[in-house]
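Report on the following structure.
The values are calculated or read from the model by the stated rules, or taken from the named source; none is laboratory data. Predicted model, so just to flag it, every value in this text is computed and none were measured. Cβ coordinates were reconstructed from backbone atoms using ideal geometry, including for glycine residues, and neighbour counts include every protein chain displayed. Surface areas here come from the heavy atoms of the whole protein model, side chains and all, with no ligands, DNA or RNA. Shrake-Rupley method; radii C 1.70, N 1.55, O 1.52, S 1.80 Å.
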Amino acid sequence: QIYLMESGGGFVQSGGSLRLSCAASGRVENTYAMAWFVQAPGKEREFVAALKYTGGMTYYATSAQGRFTISLDKAKTTLYLEMSNLRPGGTAVYYCATRNTIGPDAAPDYIYWGQGTQVTVSE
């Protein structure tokens, strides 16, 4: 079992930046990849970015390329998402998740999830 706790969300103006954190604990050694997803009210949870836990590979949704950066501090067992040039759209929740399989970066493939951290981007 893996426990995840996101933090760093808040209010930001359009075009601004935020840095999200995800502290992981438990059997993290079984993790193949860690990822960030975002979910707006009334919409499905969407993939944002992922990385291989052992390092060497990162993956981004097309909309995140060039704007977001995913990274992992293994010593702290903490995943980060640096976001820049944020677009307006009200409030959305960013979730941290882990998987132990190889495959498409879709929400159903991820087993453990945090409670999310809320991000609001104003016009």
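So, in region 1-11, of the ones that are in a strand (DSSP E or B) and more than 15 Å from the chain's Cα centre (by Cα), which residue ends up surrounded by the most Cβ atoms within 10 Å (Cβ to Cβ)? Walk me through how you get there before you give the answer.
Let us first name the residues in region 1-11 that are in a strand (DSSP E or B), namely 2-7, 11.
Filter once more, so that each one left must be more than 15 Å from the chain's Cα centre (by Cα): 2, 11.
Numbers: I2: 20, F11: 12.
So the residue we want is I2.
Would you confirm, using the coordinates I've provided, whether T101 is hydroxyl-bearing (S, T, Y), assigned to a loop (DSSP other than H, G, I, E, B), closer than 20 Å to K43 by Cα and open to solvent by 50 Å² or more (accessible area, probe 1.4 Å)?
Working: hydroxyl-bearing (S, T, Y): yes; assigned to a loop (DSSP other than H, G, I, E, B): yes; closer than 20 Å to K43 by Cα: no; open to solvent by 50 Å² or more (accessible area, probe 1.4 Å): yes.
No.
Residues are listed down the side, and each one gets a yes or a no for (1) surrounded by fewer than 17 Cβ atoms within 10 Å (Cβ to Cβ); (2) within 14 Å of the chain's Cα centre (by Cα):
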| position | (1), (2) |
| --- | --- |
| V38 | no, yes |
| K52 | yes, yes |
| T58 | yes, yes |
| S63 | yes, yes |
| L72 | no, yes |
| R87 | yes, no |
| V119 | no, yes |
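Within region 104-117, track down each residue that is surrounded by 13 or more Cβ atoms within 10 Å (Cβ to Cβ) and either under 16 Å from G9 (Cβ atoms) or without any contact (Cβ under 8 Å) to a residue 12 or more places away in the chain (or both).
Passing the criteria: D109, W113, G114, G116, T117.
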